[in-house]
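Quick notes on the structure that follows.
Coordinate-derived values only; no laboratory data. Please read these numbers as outputs of a predicted model, since none were measured by experiment. Using ideal geometry, Cβ is built from the backbone for each residue, glycine included, and neighbour counts are taken over all protein chains shown.
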Amino acid sequence: MRFHSIRNRIVTAVPQLTLIKSALFALSLMFTTFSHAQWQDPLETPALSTDRAHESLLLDITRIASRLVAVGAHGHIVYSDDSGKSWRQARTPSSVTLTAVYFPSATMGWAVGHDGLILHSSDAGETWVKQFDGYLANRAIVKGARANKELAIADLDKAKNSGDLTSIDNAEMHLENATYALEDAQYDKKSGSTKPFLDVWFYDAKIGYAVGAYGMAFHTRDGGKSWIDWSSHLENSDRLHINGLTMVGPRSLMLVGEQGLILRSDDMGANWRALPSPYEGSYFGIMAKADNVLVFGLRGNLYHSVDGGIQWEKVYTNSEQTLMAGVAKTDKTSVLVGNGGSVILLNRRSEDPKSIILPGRTTSASVAQAPDGSIVIVGEAGVERIDVNGAVINESITMAEGDF
Amino acid sequence: MSNTTNLKNIKTEPEHYIITPESEPFLERVLFAARPLVLAVLAILTVVFAYGLTQIRLDSSIEKYIPLKHEFIKNYLVHKDELGSGLSNIKISIESKDGDIFTKDYMATLQRINDEVFFIKGVDRSAMKSLWTPNVRWTEVTEEGFQGGPVIPATYDGSKESLDQLRQNVLKSGQVGRLVANNFSSTIIDIPLVEVDPDTGEKLDYKELSQSIEEKVRDAFTSDKIAVYATGTPKKLADLLNGVASIGLFFIAAICFTAILLYLYSRCIRGTLIPIIASLIAVVWQLGALALMGFTIDLYSVLVPFLVFAIGISHGVQIISGIAIESGKGSNKLMASRLAFRGLYVPGMLALLSDGLGFLTLLFIEIGVIQELAIAASVGVAMIIVTNLVLVPLVMSYVGISQSGIRHAENNEKAEPKLWKGISKIASKKIAPFPIIIAIVLAVLGVYQSQSLKIGDLDAGAPELRPDSRYNLDNAYMVSNYSTSSDVFLVMVETAKEQCNSYKVMDSIDRFMWYMENVPGVQSTISMVTVSKLVTKGMNEGNLKWSALSRNQTILNTSIQRAPASLLNQDCSMAPVIVYLNDHKAETLENAVAAVKKFKVKYDDEVDAKYFAMDTAGIEAAIAAGELTDVPVRFQLASGNAGIEAATNEVIGAAQNTMLIFVYVVVFALCFATFRSFRAVACILLPLALTSILCQALMAYLGIGVKVATLPVIALGVGIGVDYGIYIYNRLEVMLIAGKSLQEAFFETLKSTGKAVSFTGITLAIGVGTWIFSPIKFQADMGILLTFMFVWNMLGALVLLPALATFILKPEQIIARHKKLHGDISPAG
């Protein structure tokens, strides 16, 4: 394992030197000759370098300054400096499917994915290193769950001492949940089962959150050098999937997830509380500009709040297609994308939805506005570009050649 | 003409011998001494083989067409029964010619066709799929979980609302590109077939089934509004077997043309009928003998009777021609036959031996049909040796040639036709350089052109059938309107029992699929990993971010629970990866194979084969004991039509040169053993080599690849082509020994043997030329190439051979050798 990760780092550092690469290839051949098992964990296997990465499944796209960065299946990370017309593939240390990417600054960024993977780039997305993975996550979760259980036992003792029946009930329930959580965490750790992260958000180069399946939530205060299990700070005892997280005020964060889950924190994520949800289906994304919040998800459900989530108003999209992601454009209108090639255009007040179906009818996962004003969508079919009116731009999209 | 001619008066003897100098005259004495006995034996044999003929069967098994000893095929055969189902599907597409499928009329027609198909014998009714079958459903994720139903709702009544509902359901069903065309103008009825006929308990008769579909669906429903298309391997096989029927007609046509030519040539009814009957007897013997030996007829060996017939005719003609000439000189029936036999026995035997041995070099190609073709053709040639070299002269010794025939031969003998006179000028130092220079130029151009010769089938669709055949047109419609490819390359991923759904194996497959999708020529890939990702996504409310493999074994197990049986085997020790290719050009296949091999180096576990047969407990024990670090996995090449074709191409590519070398070694050895002169062998073989080069150039030019069908052509072309040279050279030598100058000798040769050779060349060319009209593409390809080779070999023997002889042959040497061996006795022939 150690050998491989060192090798991967060398490959990352000297991508252009084919001589060294072929020498390393020979070395790796020698190495494999003596080993029985040739397969290595995808967490430790660099992504295939290919000129088709922009055509395969991509799951998130973001924009930093004039650059677009997208992540997706097989650990691909691609970036474009010309509004999505041509792309290059970043060097990445693993080939696990990535689900989300976020850049709090022009150079510092994080990408998360399946198997609890967290990658970090400090050069605007061109090269990436691994910060965290499912095995570390499992260990952290077991540690967190154990601490939480001890806390619950202490709480129960306290409640019993006080003799208040309601607190005893609550404490017992808390302990029961904490016990299950610990058992699950121990099972996962033992069986090697890992959970995917589904979104990542950073306040700056230091403070950030990564959230995902089964209520998984991790927090860092040192730019990802260490990640702390944060799930016990969330009011999410059913451990529902957390699908999106964003900032809704100076120190306020909001996250959405499975079964109408909406949580809000007003202390930069230290404490979270549930907000009443206008919908019991799942939300897959959240967009916000201060108190102006849009949440959306299953079967075209879209809700709008102008007061930071106290009251919600349903926006009738006239589409039953699940919505996955959205972006606010520079002119303050919004674009949402989702299943079956559906695109929803909203006006500046998030009203008057206009529903379009893209010709390929493939599912889209994310959207960004390019520097030239066009809309770049990623999903099942890779990268697609549409103009402000929702018409597909048929200009061919190219990709720098890989080593394949 | 006197009947008292005594045996001892015959003062000629064969110039050359094949076994010993004494054996041939001895054979002649025996055969002609016991004429009635020999004929009686031949008659009995004919009856026996005619009985054998009734036992002959047409074989439609696929195994004979593939190289069973190739590694890919061995790997495939291990899993043959588990992978078999994919091959026995017929797909019928029903197109609405005006507008889309969402009309009341179209749906009503589709329903009627669906019902018709349902009751066709051999259809696996429970697995049949169309918009009208209840197993085609739509699903949708809602707040409550999955929702779904049949695509055509129970409330369907053809109204606009229900058609709108249908349209929504089709979109939700994920069938667009599969059962419904991408442009919504047609839908497919997918018809899986049962293996065994439910009535007879025998293998299902594809021909009958295809006939039912043609009659009950295509003929009954095609109109100006509805078009019907049908594809699938069983349909293709049925079309091929139907194509065989036309071969019978070609055979009759070939007999008729030959008879006309033969009469024009001999002007003698007897001289026409006897070679034809003798050749037909050879065909009966050949087919009968093979049937008695237990061989069956296939799409290749069905062509052998043509060759046997044509070769038989060409040798029969030589004999008849010889008898006519000898009769013209005044010999009686018996004497003329004996003299003709004596003169032609050696070159005839030599020519037939080189044919037969040339065919046997095809045994180097380890593909059943080719090996059986080799055996069938060699057996046929052996039969010709008896029927035409023995039977024809014996029968002629009784019936004799007609007076008109003798006169015709005499006239020929005396006549000095301008054509032959002109050609004979080639054998002079002045003219000879021209054909040689032309030959060299042609050879250079030929070598250049043949650089672009490709291995494999180059046409799209089913290469066995013509590009404009009904089947290939239908196939092209399917490929362009649905998201499918007809070129399937299948890689079998093997592991231990119950381990195909372990994370390591699934992840290896996942990587393999993405790796292959990056290989040029690969369209897409499908495996149980595709299903697993889809289901995992579905279980998580259709969220695209979940379309990845889980490391949780329970989730993995659930995700493949409902995977189609074709994507993993019963005990979960093998999962195929289906790789769809753009085409089946050799380059595409080679790329795919090379890519898989490269991937294997990196991902195959080099562990003992026994681990692949172990069960879970065994593997766990082996891992615990440190013998293994993980579940073993290996990627086995290859199956699917493209995989089999890749194997075939490899076998053919490897055998191509070996076979060519062997066939030339055989003809060289035989010619040299007989004529004992390198100069003679050069005169005979150089024109042959030129034809071989030009044939390859022609293949490159016409876009015909080196494949199962065209490889035998090289052996057949050389083996049969050498006959011309042998006959011409043999006669030329006799004339030279008689003291004539080269040009005179060649003129005499042309008048007799040359005429027979050009006749033979044309007869053979007509025989194989009829194949060009075969609906089966590879038979047509063989026809084109063999016709070309026979005509060019003939021209080579008539034009290039004398030109070469002018510079290469040393008449004085030949005469000196003759004097030394035979003294004053003039050579036979």
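Kindly flag which residue pairs out of B:707/B:777; B:235/B:454; B:91/B:207 have an alpha-carbon separation exceeding 19 Å in this structure. Please list the in-between numbers first.
Working: B:707/B:777 12 Å; B:235/B:454 28 Å; B:91/B:207 16 Å.
Table pairs above 19 Å Cα-Cα are B:235/B:454.
Dividing the mean sequence gap of close Cα pairs (under 8 Å, 6+ apart) by how many residues the range A:137-191 holds gives a relative contact order of 53 percent.
If R0 is 41 Å, what FRET efficiency do you get for residue B:215 and residue B:161 from their C-beta distance, rounded to 0.05?
Details: r = 37 Å, r/R0 = 0.89.
In this case the efficiency is close to 0.65.
What shape does chain A take by its C-alpha gyration tensor, where a ≥ b ≥ c are the square roots of the eigenvalues and a/c under 1.5 counts as rounded, a/b above b/c as prolate, and the rest as oblate? Oblate shape, in that a/c is at least 1.5 and b/c is the bigger or equal ratio. Karplus-based coupling profile of the range B:38-48, in residue order and whole Hz: 4, 4, 4, 4, 4, 5, 4, 4, 4, 4, 4, with θ = phi - 60° in 6.51 cos²θ - 1.76 cosθ + 1.60 and x standing for Gly or Pro.
Given R₀ = 30 Å, FRET efficiency for residue B:629-residue A:180 by Cβ-Cβ distance, to 0.05? Spell out each step's value before the answer.
Details: r = 34 Å, r/R0 = 1.12.
My answer for the efficiency is 0.35.
The amide H of residue A:59, built 1.01 Å from its N in the peptide plane, has A:71, A:72, A:73 as neighbours under 5 Å, considering only residues 5 or more places off or on other chains. Report summary: the helix-based calculation at 222 nm, which adds -39500 (n - 2.57) for every DSSP H run with n ≥ 4 and divides by the residues of chain B, gives -19000 deg cm²/dmol.
Ranking B:162, B:486, B:266, B:314 by Cβ neighbours within 10 Å, fewest first, what do you get?
Listing B:162, B:486, B:266, B:314 from fewest to most nearby Cβ atoms yields B:162, B:486, B:266, B:314.
The lysines within cross-link reach of residue B:751, meaning a Cα-to-Cα straight distance under 18 Å and a gap of 8 or more places when in the same chain, are B:329, B:414, B:418, B:421, B:425, B:740.
Scanning residues 5 or more positions from residue B:149 or on other chains, those with amide H under 5 Å from its amide H are B:138, with H placed 1.01 Å from N in the peptide plane. Which of the aspartates and glutamates could be linked to residue A:158 by a straight reach, that is with a Cα gap under 19 Å, when you skip same-chain ones fewer than 8 residues away? Of all the aspartates and glutamates, those that pass the test against residue A:158 - Cα under 19 Å, at least 8 places apart if same chain - are A:150, A:169, A:172, A:176.
Once the C-beta distance of residue A:330 and residue A:267 is scaled by a Förster radius of 35 Å, the resulting FRET efficiency is 0.65 to the nearest 0.05. Proximity of backbone amide H atoms, modeled 1.01 Å from N, is registered between residue A:322 and A:299, A:300, A:339 at under 5 Å, excluding neighbours fewer than 5 places apart on the same chain. The charge dipole of the range B:596-666, taken about the Cα centre with unit charges on the Cβ atoms of Lys, Arg (+1) and Asp, Glu (-1), comes to about 380 debye, rounded to the nearest 20.
Using Cβ point charges alone (K and R +1, D and E -1), the dipole size of the range A:137-191 about the Cα centre works out to roughly 400 debye.
Mean-square fluctuations from a GNM of chain A, with a 10 angstrom spring cutoff on Cα atoms, peak among A:153, A:377, A:344 at A:153. Given labels modelled 7 Å from the Cα in the Cβ direction, how far is it in nm from residue A:139 to residue A:82? That separation, rounded to one decimal, is 4.6 nm.
Under 1.5 on a/c is rounded, so check that first for the range B:329-463, then, if it is not, pick prolate when a/b is larger than b/c and oblate when it is not; a ≥ b ≥ c are the square roots of the alpha carbon gyration tensor eigenvalues. Before the final figure, lay out the partial values.
Numbers: a/c = 2.89, a/b = 1.31, b/c = 2.21.
Oblate is the answer for the range B:329-463, as a/c is 1.5 or above yet b/c matches or exceeds a/b.
Please list, or write none, the aspartates and glutamates whose alpha carbon is within less than 13 Å of the alpha carbon of residue B:545, excluding same-chain residues fewer than 8 places away. Leaving aside aspartates and glutamates fewer than 8 places away in the same chain, those within reach of residue B:545 are A:60, A:115, A:199, A:380.
Excluding residue A:84 itself, calculate the net charge of residues whose Cβ lies under 15 Å from the Cβ of residue A:84, where each Lys or Arg counts +1 and each Asp or Glu counts -1.
Working: positive: A:63, A:67, A:85, A:88, A:329, A:385; negative: A:55, A:60, A:81, A:82, A:372, A:384, A:387, A:395.
Residues close to residue A:84 contribute a combined charge of -2.
Would you mind ranking B:326, B:748 by Cβ crowding within 10 Å, fewest neighbours first?
Numbers: B:326 24, B:748 21.
So the ranking, lowest neighbour count to highest, is B:748, B:326.
The order of the peptides B:646-656, A:159-169, B:384-394 by mean Cβ neighbours within 10 Å, most packed first, is B:384-394, B:646-656, A:159-169. Stretching the chain fully between residue B:68 and residue B:582 yields a gain of 182.5 nm (0.36 nm per residue, less the alpha carbon separation).
Beyond a 30 Å Cα-Cα separation, which of these cross-linked pairs lie in this structure: B:429/B:819; B:129/B:602; B:172/B:598; B:69/B:597; A:314/B:172?
Values: B:429/B:819 27 Å; B:129/B:602 40 Å; B:172/B:598 39 Å; B:69/B:597 19 Å; A:314/B:172 25 Å.
Check vs 30 Å cut-off fails for B:129/B:602; B:172/B:598.
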